[in-house]
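Engineer: Please find one structure pasted underneath; my questions will follow.
No value in this document is a laboratory result; all are computed from the given coordinates. Model, not experiment: these values are computed from the prediction. Neighbour counts run over all protein chains shown; Cβ positions are idealised from the backbone, glycine included.
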Amino acid sequence: MIYLFQVLNGIGLGMLYFLLAVGLSVVFGLLQFVNFAHGAFYLLGAYLTYDLTTRGFSFWLAMPMATLIVACIAAVIEALLLHRIYKLPHTFHILVTVGLALVIQEMVIIAWGPLGGSVPAPDGLQGVVIWGDFIYPQYRLFTIGLTAVLAGLLWWLLEGTRLGAIVRGGSESPSNMALLGYNTLRINTAVFGFGAGLAGLAGALAAPIRGVEPFMGIEALSVAFVVVVIGGMGSYTGALVAGLLVGVVQSVMTTLWPEGARLMIYIGMALVIALMPRGLLGRA
Amino acid sequence: MTPALRLTDLHSYYGKSHILQGVNLEVGQGEIVTLLGRNGAGKSTTLKTAVGLIMPRQGRVELAGRDVTGQPAHRIASAGLSLVPEDRGIFQLLSVEENLRIAERRGSPWAIGDIYRIFPRLEERRKNGGGQLSGGEQQMLSIARALLNGPKVLMLDEPVEGLAPIIVEEIVAQIRLIRDAGVPILLVEQNLAVCSQLADRHYILELGRIVLCASAQEFRGDPGAIDRYLGVKA
C-alpha cells in the first residue's frame, strides 16, 4: 500500500515536473536558447499564488492570475532583453539567465522575506478521498487530474492545430517561416511567455503541496534540466515520460532510501547522457 | 503599367564580398522572366536580397510600385513577394497538409483546394511528413506553399535542379498554369531548355551586374550571347 501512495505521489510530482520542463524544452527546441531563469518563473508563480491567497483571493482565482502574470513578465523580459542574445553562444545565455534568476530570487526575498510560507489547499479540496483502505489527499488527486488534462490540451495544441504547426515550423527553420510572412520575433516572444507561464502554473500548483520558499526555484531548475536531458531536448513526449519517470523514482526512493532519492535522479541522468546522448525521445 | 517587381541599382554584400554590383531588372504583370548566369554570378543573391533575407546596401526594391527596400523578410513576404528557395525550405517534421496550412492566408486568391487541383500528388501525400517526399514533390510543395501566401510575384530558385526529366515536365506545366492564373514569375534556372520553354524575357547576370536583357525571340536568335555569357569555354 505504501508503494501505491508513493507511486501516486510520484505521478503527481512527475506531472508538475512535466509542466515545468515542457516549457524549457519547447523554448530550447524553438530558440536553441538555454534558459537558467526558468526555475525563477516557477518561483514567481508560487509566490504570486501565495501573495494573492493571503490577500484573500480564492486559490481558483489566484492560480490562473499567477500563471498569466508570470507569462506576461516573461514575455516582456524576452522582448526587451533575451531575444538580443539568442544568436550568441550558449555561455552568454547561461550568464544572462543565471543573472536574471538571481535578480528575480532576490526580488522575491525583498518582497516577501527569506522565510517562505504556506498556502492552504483550496476550498473544496482540503479533505481526503477514502476508498476502503485507500486514503489520499483530494488536492493531490486534483493536481494529477488537472495536469493530465493540461498535458492532453498541450499535445493537441502543438500537434493538432495550425498554431502548433507554426511553432514547430519555427523551431525547424525561422528563415523559412519569414519567407511565409511570419514575424518570428513575435512568435518567439509568445512561445517564451507561454513556456514561462507553464512554469508559473507548476509553481502555483506546487505551492499548496510544498509551501513557498525563496530557493524553490533553483531546485525546480535542476529538476527541469534533468527531465529535459532525460526526455530529449525539444521533445514534448520526452518531457512527459521523463517527468513521470523522475517523479516516480524520486518518490519511491524516498521510502526505500531517502538519502539517495536525489542521487538516483542524477545517476539516471548521467546514464542517459552516456548511453543515449539525445535523450530517450530526443530528435536528431 | 507599373511592373510587378522592379529592382533598381541593387547592391549587396556577403561580409566584405561585393556580390551584387548594381542589379536592375523588372518583372511585368503576367510575365515569366528568367535570370540566367554562371554559378556565382549572384542569381540566388539577387532573389534573397529582393525578399529581404539579405539587406541591400544600396538600391531599391519595388513591389507593384510600392517601395519595400530594407524591410525585414517577413514584411516583404506578407506584402506579396514569395521566394521558393533553392533548398525548397520544406518543414521536414510537419506533414504536407501542415506545411500548406501554415502558409494559408486570408485574402489570398489561392485555397488548398486549388492547390490540390494543380498538384494532385500533394493531395495523395497530404498525411506524409515533409521529410518523406521525393525531391520533385518537395519542390511542388514549396511552390504550393508560396501560392497559398497569395503572391504578387513568385520567385523560383532553380525549381527543377536535380529532378528526373518526367518530373521536370510536370513542374514546367505547373509553372505555366500558375502564370496563366496571372502570377508573374521570376525564375532562376540553369536548365536552358526549361527557360526557353517558359520565359517571355531573359536577363543575364555576370559578376553581380545585368549584362543582357532580351526577349525570348531575340535570345533564340543570338546563340553568340548564350555562348559568351553562359558557355563554359573561356
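Engineer: So which helices of chain A fit the span-like rule, where a helix is a whole DSSP H run, its Cα atoms reach 24 Å or more along the axis, and its mean Kyte-Doolittle is at least 0.5?
Structural biologist: A:2-31, A:59-80, A:90-112, A:138-160, A:184-210, A:236-256
Engineer: How well do other chains shield peptide A:158-171, expressed as the mean number of their Cβ atoms within 10 Å of each residue Cβ?
Structural biologist: Taking the mean over all residues of the peptide, I get 3.
Engineer: Which three extents, in angstrom, do the Cα atoms of region A:140-284 have along their principal axes, listed largest first?
Structural biologist: Principal extents (Cα only, largest first): 55, 37, 27 Å.
Engineer: Just to be sure I understand the model, the point goes 7 Å from the Cα along the line to the Cβ. What's the resulting A:Leu275 to B:Arg228 distance in nm?
Structural biologist: The two pseudo-label positions are separated by 7.0 nm.
Engineer: So if we plug the beta-carbon distance of B:Gln29 and B:Ala193 into 1/(1 + (r/R0)^6) with R0 = 22 Å, what FRET efficiency do we get, rounded to 0.05?
Structural biologist: 0.25
Engineer: How much of the pair distance distribution for region B:5-230 lies past 27 Å, counting alpha-carbon pairs only, in percent?
Structural biologist: In whole percent, the long-distance tail amounts to 30.
Engineer: Could you tell me whether the protein assembly as shown comes out rounded, prolate or oblate from its Cα gyration tensor? Rule is a ≥ b ≥ c as square roots of the eigenvalues, rounded for a/c under 1.5, then prolate if a/b exceeds b/c, otherwise oblate.
Structural biologist: Cα axes put the protein assembly as shown in the prolate bin.
Engineer: Inside 10 Å of the C-beta atoms of B:80-89, what's the mean count of C-beta atoms belonging to other chains?
Structural biologist: Going residue by residue through B:80-89 and averaging, the value is 3.
Engineer: Using DSSP H assignments, which helices in chain B have an axial alpha-carbon span of 24 Å or above and a mean Kyte-Doolittle hydropathy of 0.0 or higher?
Structural biologist: Membrane-span-like by this rule: not one helix.
Engineer: Still on this model: Kindly identify region A:2-275 as rounded, prolate or oblate by the Cα gyration tensor criterion: order the square roots of the eigenvalues as a ≥ b ≥ c, call it rounded if a/c is under 1.5, otherwise compare a/b with b/c, prolate if a/b is larger, else oblate.
Structural biologist: Since a/c reaches 1.5 and a/b is larger than b/c, the shape of region A:2-275 is classed as prolate.
Engineer: Among A:Ile69, A:Ile273, A:Ile130, whose mean-square fluctuation peaks in a Gaussian network model of chain A (Cα, cutoff 10 Å)?
Structural biologist: Result for chain A, Cα springs under 10 Å: A:Ile130 fluctuates most.
Engineer: Loop only by DSSP, 13 or fewer other Cβ within 10 Å of the Cβ. Give me the trypsin sites (Lys or Arg not before Pro) in region A:239-284 that pass, ordered by residue number.
Structural biologist: Hits after loop and neighbour filter: A:Arg283.
Engineer: Given Cβ point charges of +1 (Lys, Arg) and -1 (Asp, Glu) and nothing else, what value in debye, to the nearest 20, does the dipole of region B:5-230 about its Cα centre take?
Structural biologist: Dipole about the Cα centre, nearest 20: 640 debye.
Engineer: Looking only at the protein assembly as shown, where both bridge partners belong to it, what percent of the DSSP beta bridges are antiparallel (to the nearest 5)?
Structural biologist: 65 percent
Engineer: Also: With the dipole of region B:5-230 worked out from charges on the C-beta (+1 for Lys and Arg, -1 for Asp and Glu) around the Cα centre, which of B:Leu35, B:His18, B:Gln138 lies farthest toward the positive end?
Structural biologist: So the residue we want is B:His18.
Engineer: What full-extension length gain, to one decimal in nm, is calculated for B:Arg176 and B:Gln92 as 0.36 nm per residue of separation minus the Cα-Cα distance?
Structural biologist: My answer for the length gained is 27.5 nm.
Engineer: Beyond 20 Å between alpha-carbons counts as too far, so tell me which of B:Lys16/B:Lys48; B:Lys48/B:Lys152; B:Lys127/B:Lys152 fall in that bin.
Structural biologist: B:Lys127/B:Lys152
Engineer: Return the loop-located trypsin sites (Lys or Arg not before Pro) in region A:31-130 (DSSP other than H, G, I, E, B) with at most 13 other Cβ atoms within 10 Å of their own Cβ; answer none if there are none.
Structural biologist: A:Arg55, A:Lys87
Engineer: Report, for region B:5-230, the % of DSSP beta bridges that are antiparallel, rounded to 5.
Structural biologist: The answer is about 60 percent antiparallel.
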